[in-house]
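The values are calculated or read from the model by the stated rules, or taken from the named source; none is laboratory data. All of these numbers come straight from a predicted model, not from anything done at the bench. Backbone-built Cβ (ideal geometry, glycine too); neighbour counts: all protein chains shown. These area figures cover heavy atoms from the full protein model, side chains too; ligands, DNA and RNA do not enter into them. Shrake-Rupley method; radii C 1.70, N 1.55, O 1.52, S 1.80 Å.
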Amino acid sequence: MRIRTKVVRAGLAPAAPGEPFRTGVTFAGAYHAAGDPSASPYSYGRYHNPTWTQFERALGELEGGTALSFASGMAAVAAVLGSTLRAGDVLVMPADSYYTSRLLAEGFFAQMGIQVRQAPTVGSAQAQHLDGAKLLWLESPSNPGLEVCDIAALAEAARRKGVLVAVDNTTPTLLGQRPLALGADFSVASDSKALTGHADLILGHVAVRDPALADRLGSWRSQMGAVPGPMEVWLAHRSLATLEMRLERQCRNALIVAEYLAGRRDVTGLRYPGLPGDAAHELAARQMQSYGPVVSFVLADRERAERFLSSCELIFESTSFGGIHTSAERRARWGGDRIPEGFIRLSVGCEDDQDIVADLGRALDRAR
Ligand SMILES: Cc1ncc(COP(=O)(O)O)c(C=O)c1O
């Protein structure tokens, strides 16, 4: 099956007369399970749920491995770190990865005796810090700077040194980039973003090829209680079926928007890995199937950026990204990233490209 078919059909049970295409959500805390609990496929809602089973089958088919759904992207990040690292281990993180992932590593995990080394995503600089490490964490393209590293080369370097590799694949999604096929041990994502794409739920997942890693992640999830709600999972599975269509439109729109912004003299620091001429384009073209919905750029200063955002009529001012609604934010309002005050993270949605460009142009003109 080709990918467009696979994504629409992912996780569905074989056709059976009288059965729905996809079964409804199962809300269950406890299941009938007499005697030996291992004899029953479902016993208690913190361990398993049939709605998770269907969705995880879908994710696994698309990731090329075994997938586990988590309560949020951060629950998925924490599960990989927590199920892998012990006191005295070394974690190599991107210095420019998603801020909360760095906070978690530098805060709670460092306190528990994990040594955290950081190096930039650009130039695959993390390769220089692998000696004696246990886990290499990558995020490509990075959020919010959209830098790209060579995942296959880093995974190979890590494999030679016995270092496990995790890739935060949130920005491109499992259709835009396939970390397990590039050699990573863990593919991690916040599914609150493009994978579900409607800005209406919080979820995450991890996919692995090694059953032993899947077992450890499963134990982590049930013992820490980082479990997803069945309703969220059911909605996510429904959204997954339209991911390819949404992403195709969003990536097409993002390229049109990036080309428009490239022609504006009031915009600097423009980044979009899909834009020919972007510093990351060549590498991105080698390892990505599509370039994601996020474009970033810089306006002169904080005031200009704020005026731009408040002048947008169609584009929502909002954090988060990847959804069908175009949104933007001045990222430095949160702190924690080494970016200019006028840095804008723009998430391009599914609206008509001409309407998005018109709104951008109007708001940029008003901000001058
Ligand atoms: C790259 C990346 N990883 C992980 C997360 C965490 O995801 P969640 O908000 O679903 O916990 C985010 C959230 O913005 C993110 O951008």
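If we scan segment 273-282, do we find a residue that is of a type in the set (Gly, Ala, Ser) and touching a Phe, Trp or Tyr at 6+ places or on another chain (Cβ under 8 Å)?
Yes, the conditions are met somewhere in segment 273-282.
Being over 22 Å from THR319 (Cα atoms) and within 10 Å of the ligand (Cβ to nearest atom) is the filter here; which residues of segment 91-106 pass it?
Selection gives nothing.
Against the definition (out of contact with any Lys or Arg (no Cβ under 8 Å at 6 or more places or on another chain) and either open to solvent by less than 10 Å² (accessible area, probe 1.4 Å) or under 16 Å from PRO230 (Cα atoms) (or both)), how does TYR47 come out, yes or no?
yes
Name the residues in segment 193-211 that are open to solvent by 10 Å² or more (accessible area, probe 1.4 Å) and either among the hydroxyl-bearing types (Ser, Thr, Tyr) or closer than 19 Å to PRO293 by Cα (or both), would you?
Restricting attention to segment 193-211, the residues satisfying the condition of being open to solvent by 10 Å² or more (accessible area, probe 1.4 Å) are 193, 198-202, 209-211.
Result: LYS193, HIS198, ALA199, ASP200, LEU201, ILE202.
Is one or more of the residues making up segment 52-66 open to solvent by 30 Å² or more (accessible area, probe 1.4 Å), free of Cβ contacts under 8 Å to residues at least 12 places away in the same chain and closer than 24 Å to ASP200 by Cα?
Yes - at least one qualifying residue is present in segment 52-66.
What are the residue pairs meeting all of these: first residue in segment 303-328, first residue in contact (Cβ under 8 Å) with a residue 60 or more places away in the chain and hydrophobic (A, V, I, L, M, F, W, C), second residue open to solvent by 10 Å² or more (accessible area, probe 1.4 Å) and within 16 Å of the ligand (Cβ to nearest atom), Cβ atoms under 6 Å, and 6 or more apart or on different chains?
If the second residue must be open to solvent by 10 Å² or more (accessible area, probe 1.4 Å) and within 16 Å of the ligand (Cβ to nearest atom), the pairs left are PHE321/LYS193.
Look at VAL165 and say whether it is under 27 Å from ILE339 (Cα atoms) and away from the ligand (no atom under 15 Å from the Cβ).
Yes; evaluated as a whole, the condition is true for this residue.
When only residues in segment 175-191 that are open to solvent by less than 10 Å² (accessible area, probe 1.4 Å) and assigned to a loop (DSSP other than H, G, I, E, B) count, which is nearest to the ligand (Cβ to nearest atom)?
Across segment 175-191, the extreme among qualifying residues is ASP191.
Quick one: VAL233 ticks every box in (1) open to solvent by 10 Å² or more (accessible area, probe 1.4 Å); (2) within 16 Å of the ligand (Cβ to nearest atom); (3) touching a strand residue (DSSP E or B) at 6+ places or on another chain (Cβ under 6 Å) except a single one, so which number is it?
(1)
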